[in-house]
1. Relative to the compact-globule scaling 2.2 N^0.38 Å, provide the ratio for the alpha-carbon radius of gyration of the stretch 253-384.
2. By counting other Cβ atoms within 10 Å of each Cβ, how are 143, 21 ranked from fewest to most?
3. In degrees, nearest 10, range 0 to 90: what is the angle between the Cα axis of helix 34-46 and the longest Cα principal axis of the chain?
4. In which sequence would 226, 62, 340 go, from the one with the fewest C-beta neighbours within 10 Å to the one with the most?
5. Stokes-Einstein D for the stretch 174-230 at 37 °C, 0.692 mPa s, Kirkwood Rh over Cα pairs, in µm²/s?
6. How much space per residue, in cubic angstrom, does the convex hull of the C-alpha atoms of the stretch 123-239 take up?
7. Let me know the Kirkwood hydrodynamic radius for the stretch 246-301, please, with Cα pairs as the basis and the value in Å to one decimal.
8. Could you work out [θ]222 nm for the chain from helices alone, using -39500 (n - 2.57) per DSSP H run of at least four and dividing by all its residues? Round to the nearest 500 deg cm²/dmol.
């Protein structure tokens, strides 16, 4: 397809929104992202980018796309994820899969978080198609950011792409983000023994043991919050949320099984595996005390916390271009995986996080041109 056939920004956004690519831990919701990847590959290859599709092992069929313009040892990555969260169609005022223009906004699932970043990045790249790049411009599209982050994990394991700088276009209102908390989702399962409730000696009550498990988890949270503080965050401490609990089946039966699931948001400098080991050590004595088995499990591998240097070259350049001082956020991104590959990384993109993950998601018109202009300046600095 010749470059002249690469669609305009609005057409690209419309086609991406019309291509369902939900990622979810529940198989009934989970979808392939290959249709989105294929569109991006066709558009970018028509503009002269060298494209590579990296298959990511997943039942629904997933892939990453690495599209490179120019060559060299450094360069700039403009990165986004191709998937969206699940949705409640009955709560939307418009069709989630049809780009709707209304009130100076583009409505549709993924407009803000974050399919909208790709047409904007491509629009910025068009300016440089006929210019000799000294360092490569790489547009990166990943899979499963909204569930497992397996796309970014696969890239980090492969050590690709190679670049010196990376901008992840998550919705930040064009404020550069240089730090965010990590995310862990964990479970603790207590296995006891059922029996008639009239005689406690006939069984081992998992709910009794779970009471002490919860006490230990709450104590663990308090200890973490005393030990770790980072005033750069609005909530300066790590958080541990007891999210859900399930156990037992009838009042007159000794509870044989009980499970709690919790969410832990660690600060930069806190190691996920060390935290898991600390929990296991705290809970181990309870098994003998109550005559039960206690199993801890990670519900997904977890997202490490991310922290760049506040005075890194990219952070300072982004501050200069946007007029905003770099900040921290509580939500997680793919930033730690790109940073692991040695890139000076920030999170910065159009739209706002409070417009994501809810009905009537939108991207305001007035976010688009400023984003294109900022990306053009970054390409000019790091690729020309």
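1. Values: Rg = 21.5 Å, N = 132, 2.2 N^0.38 = 14.1 Å.
Here the answer is 1.53, to two decimals.
2. On the way: 143 32, 21 25.
Final ranking by Cβ density, sparse to dense: 21, 143.
3. In the chain, helix 34-46 runs at an angle near 20 degrees to the longest axis.
4. Numbers: 226 9, 62 27, 340 17.
Sorted ascending by nearby Cβ count, the order is 226, 340, 62.
5. On the way: Rh = 15.0 Å.
Approximately 218 µm²/s, per Stokes-Einstein.
6. Working: hull volume 23.9 nm³, N = 117.
Enclosed volume per residue, from the Cα hull, is 204 Å³.
7. Working: mean 1/r = 0.0737 Å⁻¹.
Averaging 1/r across every pair of different Cα atoms and inverting gives 13.6 Å.
8. So the helix-based figure for the chain works out to -9500 deg cm²/dmol.
No lab work stands behind these numbers, since they all come straight from the coordinates. What you see is a predicted model, and the numbers here were worked out from it, not measured in a lab. Cβ: placed from backbone, ideal geometry, glycine included. Neighbour counts: every protein chain shown.
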